[in-house]
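Some notes on the structure that comes next.
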Amino acid sequence: MATKDETIGFIGLGAMGRGMASNCVKKGFKLVVNDMRAEPMDALVALGATKAATIQDIAKQCSIIITVLPTGKEVSEVVMGANGLFANAKPGTLIMDLSTIDPETTDKMHADAKAKGMDAVDAPIGRLAWHADRGESLFMVGGTDVAFDRVKPLLDAMGTTVHHCGPGGAGTRTKLVNNYLAISLTQLNAEALALSQRFGLNLSKTLDVIHGTTATNGQLKINFPNKVLAGDTSPGFTIDLAHKDLSLIVQAANAARLPMPVAATVREAFSMARARGAGGQDFSAMADVLCDLVQTERPRIKPST
């Protein structure tokens, strides 16, 4: 079980990682952090963390190392590369990867960890960047019972909900299932909102009806009102990242010989949004992209007076 006497490494201080690392420090864990950018490292140092110049430095001094990286390519390089964590860490070290990546890379991480006398956990993150900032993330965990027990205190420091989904790789695969629904619902919501706008309906009344029937969904009820419907498309989870995850989902489904025609279609809708320059916006902005495409007023909930 991770204790506050251990030195914990944290690599990747982006939109999600920075908030989670901050909560680990605030909860009393001794963190050594590394990122390609100085600014988030300096912010963590101001909270009480220590900055590491390289990932090799983290590998040599930390017993548990957390990674939050963009894609499987970065995970392969940082964790399994010739100068990566496995090549420099001591036997008994545990690597916990929180990235959303392809199952094949996750499976290789677990196999390589075992071969080197180390351990691994895949624990992709549920919910959004503002949840990470507030310590309210959800985690889907793959790993042995022993490894899960070891990292549970850290996960509790970063989130409010932790699910042990099964052995190594189960967390990554559960995340792909979850994100398939979350991202596809975003596209469905965008189309429904654009249709409402095109019909000239009262948006608030339309939403009241939807939320009173089984047509409602968490994206439309929770995320959209805080983002696109409020005119805020600053990224919590970008269209680019959603497209990346959809590509992983379609790829993994193809490997499992499972047809997913809806996933493939939604991915192409996100491809269109990226082609129109919207990739860096929040994925709820798919509603704006579609309305702009058909020259219909963007959907907005006017604040009550």
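Out of ILE249, ILE239, ILE210, I need the residue that is aliphatic (A, V, I, L, M), more than 17 Å from LEU128 (Cα to Cα) and within 25 Å of the chain's Cα centre (by Cα). Which one? Walk me through how you get there before you give the answer.
Working: ILE239 fails: more than 17 Å from LEU128 (Cα to Cα); ILE210 fails: within 25 Å of the chain's Cα centre (by Cα).
So the residue among ILE249, ILE239, ILE210 that is aliphatic (A, V, I, L, M), more than 17 Å from LEU128 (Cα to Cα) and within 25 Å of the chain's Cα centre (by Cα) is ILE249.
Residues in segment 14-35 that are of a type in the set (Gly, Ala, Ser) and closer than 12 Å to THR67 by Cβ were compared, and the one that is surrounded by the most Cβ atoms within 10 Å (Cβ to Cβ) is ALA21. In segment 74-83, the count of residues that are in contact with a helix residue (DSSP H, G or I) (Cβ under 9 Å, 6 or more places away or on another chain), at pLDDT 95 or above and closer than 30 Å to ASN223 by Cα is one or more.
Being closer than 16 Å to PRO70 by Cα and in contact with a helix residue (DSSP H, G or I) (Cβ under 7 Å, 6 or more places away or on another chain) is the filter here, so list the residues in segment 96-108 that pass it. Scanning segment 96-108 gives MET96, ASP97, SER99, THR100, ILE101, ASP102, PRO103, THR105, THR106.
Taking the condition of being more than 17 Å from ASP133 (Cβ to Cβ) and in contact (Cβ under 8 Å) with a residue 40 or more places away in the chain, how many residues in segment 1-27 meet it?
Restricting attention to segment 1-27, the residues satisfying the condition of being more than 17 Å from ASP133 (Cβ to Cβ) are 1-9, 11.
Subsequent filtering for residues that are in contact (Cβ under 8 Å) with a residue 40 or more places away in the chain retains 1-3, 6-9, 11.
So the answer is 8.
Among the residues of segment 86-123, those identified as of a type in the set (Lys, Arg) and more than 30 Å from ASN254 (Cβ to Cβ) are LYS90, LYS116. Looking across segment 252-301, the residues that are within 20 Å of the chain's Cα centre (by Cα) and part of a loop (DSSP other than H, G, I, E, B) come down to ALA278, GLY279, GLY280, GLN281.
Kindly indicate whether ALA43 is of a type in the set (Gly, Ala, Ser), buried (at least 22 other Cβ atoms within 10 Å of the Cβ), modelled with pLDDT of 95 or more and assigned by TED's automatic domain parsing to the domain that holds ASP133. Criteria not met by ALA43. Out of curiosity, is GLU191 over 24 Å from VAL250 (Cα atoms) and either at pLDDT below 95 or surrounded by fewer than 23 Cβ atoms within 10 Å (Cβ to Cβ) (or both)? Against the criterion (over 24 Å from VAL250 (Cα atoms) and either at pLDDT below 95 or surrounded by fewer than 23 Cβ atoms within 10 Å (Cβ to Cβ) (or both)), GLU191 does not qualify.
Considering every residue within segment 194-202, establish whether at least one is part of a helix (DSSP H, G or I), among the aromatic types (Phe, Trp, Tyr), farther than 26 Å from SER99 by Cα and not assigned by TED's automatic domain parsing to the domain that holds GLY143. Don't jump to the end; show me each part of the working.
Here is the first cut: in segment 194-202, the residues part of a helix (DSSP H, G or I) are 194-199.
Narrowing the set further to residues that are among the aromatic types (Phe, Trp, Tyr) leaves 199.
From what is left, the residues that are farther than 26 Å from SER99 by Cα are 199.
In the following step, the residues that additionally are not assigned by TED's automatic domain parsing to the domain that holds GLY143 were identified as 199.
Yes, some residue in segment 194-202 is part of a helix (DSSP H, G or I), among the aromatic types (Phe, Trp, Tyr), farther than 26 Å from SER99 by Cα and not assigned by TED's automatic domain parsing to the domain that holds GLY143.
The values are calculated or read from the model by the stated rules, or taken from the named source; none is laboratory data. It should be emphasised that the depicted structure is a prediction, and the values quoted were computed from it without experimental measurement. Positions of Cβ are generated from backbone atoms using ideal geometry, with glycine treated the same way; all protein chains shown enter the neighbour counts.
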